[in-house]
Amino acid sequence: MQIERDPSICASYARDASGITKPPEGVVRASEGADVVKLLREARRDGTAVTPAGAQTSTTGASVAERG
């Protein structure tokens, strides 16, 4: 599991169909369920917010992270 902090990668997750734009602090693309479990355990331990994002088609801004 790798956390991507490259601005160009984070920019691709910064908006959805709502038009709201807020770049995340990092992006993790899990390749298996164990990655998700590890990420959530570490995030809970560190107090880091996690926002799941799918196809970014939401029109409500639900997948655009305020932080984390």
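Can you pull the one-decimal nm distance between simple spin-label points at M1 and A55, each 7 Å off the Cα toward Cβ?
Using points 7 Å along Cα→Cβ, the separation is 2.6 nm.
When the helix-only estimate is applied to the chain (DSSP H runs of n ≥ 4, each -39,500 (n - 2.57), divided by the residue count), what is the mean residue ellipticity at 222 nm, nearest 500 deg cm²/dmol?
Calculated mean residue ellipticity at 222 nm is -8000 deg cm²/dmol.
So what's the projected area for the chain, the Cα convex hull averaged over all directions, in nm²? All intermediate terms of the calculation are to be shown ahead of the outcome.
Values: hull surface 17.6 nm².
Averaged projected area of the chain's Cα convex hull equals 4.4 nm².
Of the options I20, A55, C10, report the single residue whose Cα projects farthest towards the positive end of the charge dipole of the chain (beta-carbon charges: Lys, Arg +1; Asp, Glu -1).
My answer, from the dipole projection, is I20.
How large is the charge dipole for the chain, taken about the Cα centre, if only the Cβ atoms of Lys, Arg (+1) and Asp, Glu (-1) carry charge, to the nearest 20 debye?
Numbers: 9 positive and 9 negative charges, 29 e Å.
It works out to roughly 140 debye.
FYI, it's all coordinate maths here, none of it is from the lab. Owing to the predicted nature of the structure, the values given are computational and were not obtained by experimental measurement. Counting neighbours? That spans all protein chains shown, and the Cβs are built from the backbone with ideal geometry, glycine included.
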